[in-house]
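Notes to accompany the following structure.
The values are calculated or read from the model by the stated rules, or taken from the named source; none is laboratory data. As the structure is a prediction and not an experimental result, all values here were calculated from the model. All Cβ positions, even for glycine, are placed from backbone atoms using ideal geometry, and neighbour counts span all protein chains on display.
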Amino acid sequence: MIRKIRLLSSAAGFLSLFAGPAFPQSTPAPKAAAAKEEALPSADELSEKCAKGSGGKEAWAKLKTMVLTGTIDIASIGMTGTVEIYAKSPNKVLRVISLANGQFEQKQGFDGKAGWKSDPQSGLKPLEGSELEETKVEAVLDSDVRLKELHPDMKVTGRTKVGERDAYTVVTHQPGGKTVTMYMDAQTGLRIAEDSEGPNETGTVEKASVFFEDYRTACGVQAPYRLRVATAAVSFVITLQDIQCNVPVDDAKFAMPTADAVAPPKS
């Protein structure tokens with residue numbers, strides 16, 4: 001679940017076209033806590049804790065499709081829009097962000113083999129390199145119960161606080177050289193925040209902080225209904241309103257559309 005919702009944070013480049021300066025985060029970034037005597041959990045132990053806290057392997061195995069819908073708010077410019085995520089087992093996903101009553105729309109999809117994205121600035125293009133590899137991981141439907149498998153280099157590095165919550169810090173790396181620090185709730189094992197730093201598809205180094213909030217039970221698993229993203233260029237809040245599971249979703253929805261089906265970039 002987290003990986004699919006996190007896919008929305010990768011739209012920061014698209015959203016920065018409209019947002020201007022970012023607004024301050026309402027929650028400070030995680031800070032290191034004083035060292036404690038007890039030993040840190042291993043990566044395997046924390047991965048199992050996350051799997052159990054997210055609902056468990058049996059609950060995730062029952063899910064074949066998920067459809068998430070919600071809103072996006074870029075407060076600094078008073079712009080709002082809608083978000084949609086379609087996911088299908090084992091690894092198909094489509095994200096749609098629409099702003100200004102559909103005047104600006106970005107889509108990003110993965111059909112199990114190939115990835116693509118389209119927006120008014122760049123038009124339609126296939127995903128390649130590290131961007132494609134990252135999307136492959138984010139497309140896995142039951143990623144919350146496969147954390148160590150999807151991030152084999154993950155290492156538990158310490159303890160910290162995220163708001164009032166005790167958390168463990170976990171460092172891993174993504175294709176292309178991006179370093180990701182995950183903040184896992186010490187009580188539940190759920191991921192409650194994440195920092196990332198590394199080059200984007202153009203080689204520009206980007207930093208981003210993401211907070212996963214308002215966890216609720218949906219379809220027998222745990223889902224964060226609020227996502228806050230902050231980068232140097234833009235900050236925004238995504239609020240989920242509905243999550244449907246095991247509804248029909250045609251495979252064609254994830255396929256890369258033809259060029260003539262996508263509006264050309266505006267000059």
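Just checking, how many residues over the range 107-140 are closer than 30 Å to Glu45 by Cα and out of contact with any Lys or Arg (no Cβ under 7 Å at 6 or more places or on another chain)?
Going through the range 107-140, the residues closer than 30 Å to Glu45 by Cα turn out to be 112, 130-140.
Those still in the list that are out of contact with any Lys or Arg (no Cβ under 7 Å at 6 or more places or on another chain) too: 130-136.
Residues that pass the stated criteria total 7.
How many residues does the range 151-175 hold that are in a loop (DSSP other than H, G, I, E, B) and either in contact with a Pro (Cβ under 6 Å, 6 or more places away or on another chain) or crowded, with 19+ Cβ neighbours inside 10 Å (or both)? Walk me through how you get there before you give the answer.
Looking only at the range 151-175, we keep the residues that are in a loop (DSSP other than H, G, I, E, B), and these are 151-154, 163-164, 175.
Next cut, either in contact with a Pro (Cβ under 6 Å, 6 or more places away or on another chain) or crowded, with 19+ Cβ neighbours inside 10 Å (or both) only: 151, 154.
The qualifying residues number 2.
Return the pair list, or none, for Cβ contacts closer than 9 Å from residues in the range 151-169 that are among the hydroxyl-bearing types (Ser, Thr, Tyr) to residues that are part of a loop (DSSP other than H, G, I, E, B) and at pLDDT below 95, at least 6 apart or on different chains.
Matching pairs, first to second residue: Thr160/Pro30; Thr160/Ala33; Thr169/Pro30.
With respect to the numbered conditions (1) more than 22 Å from Gly78 (Cβ to Cβ); (2) at pLDDT below 95, which one is the sole condition not fulfilled by Ala232?
Going through the list (1) more than 22 Å from Gly78 (Cβ to Cβ); (2) at pLDDT below 95, Ala232 breaks only (1).
For Lys148, all conditions in the list (1) touching a strand residue (DSSP E or B) at 6+ places or on another chain (Cβ under 8 Å); (2) not in a loop (DSSP other than H, G, I, E, B) hold save one; what is the number of the exception?
So Lys148 meets the others, but not (1).
Any residue in the range 181-188 that is modelled with pLDDT of 95 or more, among the small types (Gly, Ala, Ser) and either more than 15 Å from the chain's Cα centre (by Cα) or closer than 15 Å to Gly158 by Cα (or both)? It would help to see each step written out before you state the result.
Residues of the range 181-188 modelled with pLDDT of 95 or more: 181-188.
Checking which are among the small types (Gly, Ala, Ser) leaves us with 186.
Next cut, either more than 15 Å from the chain's Cα centre (by Cα) or closer than 15 Å to Gly158 by Cα (or both) only: 186.
The answer is yes; a qualifying residue exists.
Pull out all pairs, ordered by first then second residue, where Cβ-Cβ is under 6 Å, the residues are six or more apart or on different chains, the first lies in the range 128-145 and is closer than 21 Å to Trp60 by Cα, and the second is of a type in the set (S, T, N, Q) and outside any helix (DSSP H, G or I).
Close Cβ pairs (under 6 Å, with a partner that is of a type in the set (S, T, N, Q) and outside any helix (DSSP H, G or I)) amount to Ala139/Asn91; Val140/Asn91; Leu141/Ser89; Asp144/Ser54.
Taking the range 235-252 as the search range and keeping residues that are touching a Phe, Trp or Tyr at 6+ places or on another chain (Cβ under 6 Å) and at pLDDT 95 or above, which one is surrounded by the most Cβ atoms within 10 Å (Cβ to Cβ)? If you could, list the steps in order and put the result at the bottom.
First, pick out the residues of the range 235-252 that are touching a Phe, Trp or Tyr at 6+ places or on another chain (Cβ under 6 Å): 235, 240, 249.
Then keep just the ones that are at pLDDT 95 or above; that gives 240, 249.
Working: Leu240: 21, Val249: 18.
Checking each candidate, the answer is Leu240.
Across the range 122-136, what is the number of residues that are modelled with pLDDT of 90 or more and either among the aliphatic types (A, V, I, L, M) or under 18 Å from Arg191 (Cβ atoms) (or both)?
Matching residues across the range 122-136 total 3.
Out of the helices (runs of 4 or more DSSP H) lying entirely within the range 1-113, which hold 1 or more residues that are modelled with pLDDT of 90 or more? Even if it seems obvious, please write down each step before you answer.
Numbers: elements: 2-6, 12-19, 43-53, 57-61.
By residue number, 43-53, 57-61.
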